[in-house]
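Novice: One structure follows; several queries about it will come next.
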Amino acid sequence: MAQEMPKVQVKNLTKKFGDLLVLDNISFDVPKGEFLCIVGPTGCGKTTFLNSLTKLYKPTAGEILLDGEPVDLKKHNVAYIFQEYSTMPWLTVEENVTVAMDAQMKYSMVSGIFRLPSFWKEEKVAHERALELLSLFHMQDLANVKAGSLPYGAQRRLE
């Protein structure tokens, strides 16, 4: 019987900053349906590993595979959530998501100021995409709730 491919594979991951070796040839697999907890003292490389996983840092050597393919943040929906809250509690859940999509909006400053048709078209696209993203996290019913009133776990999912 063929063994199922691991969900995550880390192969010979190495990261150097100049002469400082932070990650030294790390390899492991995480099977589908399992979780991995990374623990260790301050300065042992946990954040460097996570930054390499999410491509904030380019590894010096090695590779990280997700479902047998190199990690592609958009394709695999990989994100890194910092320990501090990064939501805007005074905005609704949907507004928090659409603010994060601001760089993808395709209207001019003039269109935004004067609320021209191109502005409203992009707002409609952003609204639909926000609801789609919220549904991935089972949060679409919370779209109009202020982010600051959400329970802790829901705030983390929103991030």
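Novice: What does the accessible area of THR47 come to, in Å² to the nearest 10, when a probe of 1.4 Å is used?
Specialist: 80 Å²
Novice: Ignoring everything but the protein chains, give the 1.4 Å probe accessible area of VAL97 in square angstrom, nearest 10.
Specialist: Per-residue accessible area (VAL97): approximately 20 Å².
Novice: The chain: D in µm²/s via Stokes-Einstein (Kirkwood Rh, Cα pairs, 4 °C, 1.567 mPa s)?
Specialist: Numbers: Rh = 18.6 Å.
After rounding, the answer is 70 µm²/s.
Novice: When all protein chains stay in place, what accessible area (Å², nearest 10, 1.4 Å probe) is found for GLU128?
Specialist: Result for GLU128: roughly 90 Å² accessible.
Novice: Counting chymotrypsin sites (Phe, Trp or Tyr not before Pro) as exposed when in a DSSP loop with at most 11 other beta carbons within 10 Å, what is the longest stretch of the chain free of them?
Specialist: Numbers: sites that count: PHE35, PHE82, TRP90.
It runs 91-159.
Novice: For region 86-137, which trypsin sites (Lys or Arg not before Pro) pass both filters: DSSP loop (anything but H, G, I, E, B) and at most 13 other C-beta atoms within 10 Å? Display every interim value, and only then the final one.
Specialist: On the way: sites: LYS106, ARG115, LYS121, LYS124, ARG129; in loops: LYS106, ARG115.
Those that pass, being in a loop and sparsely packed, are LYS106, ARG115.
Novice: What is the percent carbon and sulfur in the accessible area of the chain, measuring with a 1.4 Å probe over the protein chains and ignoring ligands?
Specialist: Working: 6530 of 11300 Å².
Accessible surface attributable to carbon and sulfur in the chain totals 58 percent.
Novice: When the chain is modelled as a GNM with alpha-carbon springs shorter than 10 Å, which of THR98, THR42, THR60 fluctuates the most?
Specialist: THR42
The values are calculated or read from the model by the stated rules, or taken from the named source; none is laboratory data. Note that the structure is predicted; figures quoted are calculated from it, not measured. Note that each Cβ is placed from the backbone with ideal geometry, even for glycine, and that neighbours are counted across all protein chains shown. Please note that ligands, DNA and RNA were not included when accessible areas were found on the heavy atoms of the full protein model with its side chains. Shrake-Rupley method; radii C 1.70, N 1.55, O 1.52, S 1.80 Å.
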